[in-house]
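Remarks on the structure that follows.
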Amino acid sequence: MTYFQRLVLNTLTFMALAVVFPSHIHVSSWVAAVIASFILSFLNMLVKPVLVILSLPLTLVTFGLFSLVVNGFMLTLTSAVLGSSSFGFSSFGWAIFASILMSIVNMIISDHNVQKY
């Protein structure tokens, strides 16, 4: 999957989550969703590798489940960079829940894209 396809997928997922869970996930507009996708990809490129290395012992002890917390933190950090009035979550738990749903959507679409070729 190309970078542009992943950005579009994340944008659509952000917008869909905001529609399905309007009281817990807030996206003010489609522009905010696009900007949030860019910020998330930038943070995943720079910050996430450091967090994964630092949290490796805890991730090993929890058999990989702590990586969900790292993904939720990345979404919370994206919300903090963009501003909670444009993009945000009602709690950290909802950020973790959104990261789980985003992982599932990305896994399904990526698997479909691989099987297509």
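No value in this document is a laboratory result; all are computed from the given coordinates. Owing to the predicted nature of the structure, the values given are computational and were not obtained by experimental measurement. A quick note on method: Cβ atoms are made from the backbone with ideal geometry, for glycine too, and the neighbour counts reach across all protein chains shown.
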* Whole-Hz ³J(HN,Hα) from phi, Karplus 6.51 cos²θ - 1.76 cosθ + 1.60, for segment 69-79, glycine and proline x -> 5, 4, 5, x, 5, 5, 5, 5, 5, 4, 5
* Which FRET efficiency value, to the nearest 0.05, is calculated for THR2 and SER29 with the Förster distance at 35 angstrom and r the Cβ-Cβ distance? -> 0.90
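Normalised by the number of residues in segment 3-116, what is the relative contact order in percent for Cα pairs under 8 Å and 6+ residues apart?
Across segment 3-116, relative contact order equals 31 percent.
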* **Difference of contour (0.36 nm per residue) and Cα-Cα distance, LEU46 to SER103** => 18.6 nm
* To do: Could I have the simple spin-label model distance between ALA16 and PHE63, label points 7 Å from Cα toward Cβ, reported in nm to one decimal?
  => 2.8 nm
* Calculate the all-directions average of the projected area of the chain's alpha-carbon convex hull, and give it in nm². => 7.5 nm²
* Calculated [θ] (222 nm, deg cm²/dmol) that DSSP helices of n ≥ 4 give over the chain, each run adding -39,500 (n - 2.57) -> -25000 deg cm²/dmol
